[in-house]
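Chemist: Take this structure, written in structure tokens, and hold onto it; I'll ask about it next.
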Amino acid sequence: MLNNVLQVGDIGDNVKILQEKLKILGFYHPIITGSFGLSTEVGVKAFQREYNLEETGVVDEETWNLLFRLTEKSTRSRIAPIITLPSLSLGSTGDAVLELQTKLKALLYYTGKITGTFDLETENAVKRLQYNNDITTTGVVNSTTWNVINSLYGNLASCVTENVVEGNSSYFNYTVERGDTLYAIARRFDTTVDEIKRINNLTSNTLTIGQVLRIPTEEDESYTTYTVKRGDTLYAIASRYDTTVDEIKRINNLTSNTLTIGQILKIPTMNDTVDYISYVVTSGDTLYAIARRYNTTVDAIKSLNNLTSNILAVGQVLRIPANDVEDYINYTVKRGDRVFMGNKG
């Protein structure tokens, strides 16, 4: 049993043990780093709040005791092994890309077709996963990224069965495992504790191992999800996604404008008449370069994203208008080229 008090700024093996136990219980989602940062503090506070401990964000003896009692086995033996799969990047093809796209789609990062070709949409999905899990946002799937994908996919696939439609409601079945809580399950599947309790006719938060829960699913795609990051405000998020603060608060049942790092929000989506793809801004990107890459214009990107300046932030998600016109090719003008204007006479 560990009695070391841990808090923001601490590093070392004890922090790794803490992060792994929080991950087992569903209160920590990034990779295990051994560094007690804001994501770890958010997980500790959520755990303390769920189990009626003083919500300090500091791991004291009482918090340690409860963590060990709920997880039993030492975390060090539970850390997922490094997965040895081929490194993938833009242009890669084959079975490994098929596996990548399948798992990213199950984790809601990829919405395209399973083609086995690592295209721009696949690269953007990888970048979103890397950004949300504190991995360097390169778009390249190396061993670290594979390990996170397989860990998240394994947690999801081990307990979820097929979707069921009953009347006007849609849900899937989830089997409760050791350490599960309603709060952790609700966060994992983007719903609320109250909704799970309602659909399962539960009168308390107590769960038993092996219990089968109905987890509600959305029948439409009227919203997307967003994980709150440092510096986010409801106003900034609403502006980015072309919606309003009131609408975000309504769909998430929020009673104040206060946000917590790591909090998952439902963001209403617009029924756009313009087709678009999502692009994650990386270091060195400019609107001009992105517009050229996707055969569009700076003004079109700014209009679709309600941008008032050309300034971009790394990790920012842009809507890029999709161009269905295929009856032309791109040509780069070289020295000596002349423009033929035709005969006006």
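Chemist: What are the residues in segment 260-300 that are modelled with pLDDT of 80 or more and in contact with a Pro (Cβ under 7 Å, 6 or more places away or on another chain), if any?
Modeler: T296, A300
Chemist: Take the conditions outside the structural domain of T33 (by TED's automatic domain parsing), in contact with a helix residue (DSSP H, G or I) (Cβ under 7 Å, 6 or more places away or on another chain) and touching a residue at least 40 places away in the same chain (Cβ under 8 Å) and apply them to A125. Does it pass? Spell out how you get there, then give the answer.
Modeler: Details: outside the structural domain of T33 (by TED's automatic domain parsing): yes; in contact with a helix residue (DSSP H, G or I) (Cβ under 7 Å, 6 or more places away or on another chain): yes; touching a residue at least 40 places away in the same chain (Cβ under 8 Å): no.
Taking the combined requirement at face value, the residue does not satisfy it.
Chemist: Being assigned by TED's automatic domain parsing to the domain that holds T243, out of contact with any Ser or Thr (no Cβ under 6 Å at 6 or more places or on another chain) and assigned to a loop (DSSP other than H, G, I, E, B): is that true of D285 here? Reasoning before the result, please.
Modeler: On the way: assigned by TED's automatic domain parsing to the domain that holds T243: yes; out of contact with any Ser or Thr (no Cβ under 6 Å at 6 or more places or on another chain): yes; assigned to a loop (DSSP other than H, G, I, E, B): yes.
Spelling it out, D285 is indeed assigned by TED's automatic domain parsing to the domain that holds T243, out of contact with any Ser or Thr (no Cβ under 6 Å at 6 or more places or on another chain) and assigned to a loop (DSSP other than H, G, I, E, B).
Chemist: Of all residues in segment 111-134, count the ones that are modelled with pLDDT under 85 and under 24 Å from S39 (Cβ atoms). Break it down into steps so the answer makes sense when it comes.
Modeler: Of all residues in segment 111-134, those modelled with pLDDT under 85 come to 111-116, 132-134.
The next check asks that each one be under 24 Å from S39 (Cβ atoms); those that pass are 132-134.
Residues flagged as modelled with pLDDT under 85 and under 24 Å from S39 (Cβ atoms) within segment 111-134 amount to 3.
Chemist: Could you list, in sequence order, the residues of segment 287-307 that are surrounded by 17 or more Cβ atoms within 10 Å (Cβ to Cβ) and either in contact (Cβ under 8 Å) with a residue 40 or more places away in the chain or of a type in the set (S, T, Y) (or both)?
Modeler: Y294, T296, N305
Chemist: Still on this structure: Could you pull out the residue among Y183, Y171 that is at pLDDT 75 or above and not assigned by TED's automatic domain parsing to the domain that holds N52? Write out each step before concluding.
Modeler: Numbers: Y171 fails: at pLDDT 75 or above.
One residue alone meets the criteria, Y183.
Chemist: Taking interchain pairs and intrachain pairs at least six residues apart, which have beta carbon atoms under 9 angstrom, with the first residue in segment 27-41 and farther than 16 Å from N132 by Cα and not assigned by TED's automatic domain parsing to the domain that holds A184 and the second in a loop (DSSP other than H, G, I, E, B) and of a type in the set (D, E)?
Modeler: Partner pairs satisfying both residue conditions: S35/D10; F36/D10.
The values are calculated or read from the model by the stated rules, or taken from the named source; none is laboratory data. Quick caveat, the model's predicted, so the values are computed rather than measured. Cβ sites come from the backbone with ideal geometry, for glycine too, and all protein chains shown count toward neighbours.
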